[in-house]
Amino acid sequence: MLYNNSMTADAADAPSLCEAFAGRFRVGAAINSWNLDEASREYAAIRKQFNVFTLENESKPEPIHPEEGRYVFGRVDRFAEFGEKTGVRLRGHTLVWHSQCPDWFFTDGNGNSVTQDVLLRRMKEHITTIVSRYRGKIGTWDVVNEVLRDEGGMRESKWYKIAGTDYIKEAFRCAHEADPDARLIINDYNLESSDAKADTMAAFVREMLEEDVPVHGIGLQMHLGPDTNLEKLKNNVRKFTALREIAPDFCLEVTELDLSCYRWNDTAEDVDWTDERTAQFSAQYTELFRFLLELSDEGVLDTVVFWGLHDGISWLNGFPRRHRNYPLLIGRDYLLKPAFYEVIALTDTNNG
Ligand code: GLA
């Protein structure tokens, strides 16, 4: 694939996403601790383009706490040191999730399901240990991830089956106790495309706010696709900004942004990157960023994180099936796409 412009994201004279949006919102990426070798090309692009980061996998329950009482902190410590050294913002992802979570949380020595008391005790120990260790270093936590069903209602995970919605509320209380200054987020996907899921999210967060549960914002993953309806996205996001009527500082973060060129259940072989796709991709990204700037002007959004550094290492090349994908503003080999420049150009008109 060729782009008209052959500038790369790590070039000294390349424009920078985080500089362009400074004063509006931070721009970030999901990375892995092995991208933090200072001599690497990844590191140069990381430092040039972004100022907020999430670990793609290494701080999830399975890798960080594989067995009861055994934590594996090394890679997350490296991430925390990087944040301290450079002053960038770090996001912790994620404390409680149904996926990539070891089974020991839910079972006793005989393989039977544990009681609610046992599960909540284990969860609290997990959250307290991790959040206290990174207190003052990891500024934002995705406390719970994907706790809702696409069709609306709560996801019937092992967490939910054993502890109802109590585990969610307790998770927030416990994270807040461990680091009262951290921003605490409830993170989920398809909030832009499923009206029922967005309604459940708005109602559940309202319930938590009314009960003084320390939830500070909603994380909109925003794994988008060619059919994403941006009007619907805006309408659903407005259901969340309305929560500021009861909690004036309530915020939104875009936590895992990418824009696949395949529909989710598309079995197509690899597609080529045509001029037509380039134009549609740029149009979708620019319309989205116009809206994100509007949210930033309202003071409700200060963080936008892409799920990956460049197209070549995006999870969407291998999931839900293997095909070549092009979901980010930065292409393979760090080449900058036309959409990269068009999105940055929005900051001129908006500042003007
Ligand atoms: C979800 C999770 C992320 C990541 C992506 C796929 O969105 O929140 O941690 O696993 O799926 O990479």
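The values are calculated or read from the model by the stated rules, or taken from the named source; none is laboratory data. What you see is a predicted model; the values in this text were computed from it and never measured. For neighbour counting, all protein chains shown are included, and Cβ atoms are generated from backbone atoms with ideal geometry for every residue, glycine included. Areas reflect the complete protein model, heavy atoms only, side chains present, ligands, DNA and RNA absent. Shrake-Rupley method; radii C 1.70, N 1.55, O 1.52, S 1.80 Å.
Observations on the model:
- Across the range 94-118, the qualifying residues are those that are more than 16 Å from the ligand (Cβ to nearest atom) and in a loop (DSSP other than H, G, I, E, B), and the one among them that is farthest from the chain's Cα centre (by Cα) is N110.
- None of R75, R70, R91, R47 is within 16 Å of the ligand (Cβ to nearest atom) and open to solvent by 70 Å² or more (accessible area, probe 1.4 Å) except R75.
- S193 being in a loop (DSSP other than H, G, I, E, B), small (G, A, S), in contact (Cβ under 8 Å) with a residue 24 or more places away in the chain and open to solvent by 10 Å² or more (accessible area, probe 1.4 Å): yes
- Taken over the range 268-291, the criterion of being assigned to a helix (DSSP H, G or I), over 20 Å from the mean Cα position of the chain (by Cα) and buried (at least 17 other Cβ atoms within 10 Å of the Cβ) is satisfied by T278, F281, S282.
- For the range 302-316, the condition of being assigned to a strand (DSSP E or B), of a type outside the set (A, V, I, L, M) and away from the ligand (no atom under 16 Å from the Cβ) holds for at least one residue.
- The range 259-287 residues that are closer than 20 Å to P338 by Cα, paired with ones that are open to solvent by 60 Å² or more (accessible area, probe 1.4 Å) and aliphatic (A, V, I, L, M) (beta carbon under 8 Å, 6 or more apart): D272/M1; W273/M1
- Selection status of R122, modelled with pLDDT of 95 or more, open to solvent by 10 Å² or more (accessible area, probe 1.4 Å), under 30 Å from F25 (Cα atoms) and not in a strand (DSSP E or B): no
- Check on L148, surrounded by 22 or more Cβ atoms within 10 Å (Cβ to Cβ), more than 18 Å from S33 (Cα to Cα), free of Cβ contacts under 8 Å to residues at least 60 places away in the same chain and more than 15 Å from the chain's Cα centre (by Cα): yes
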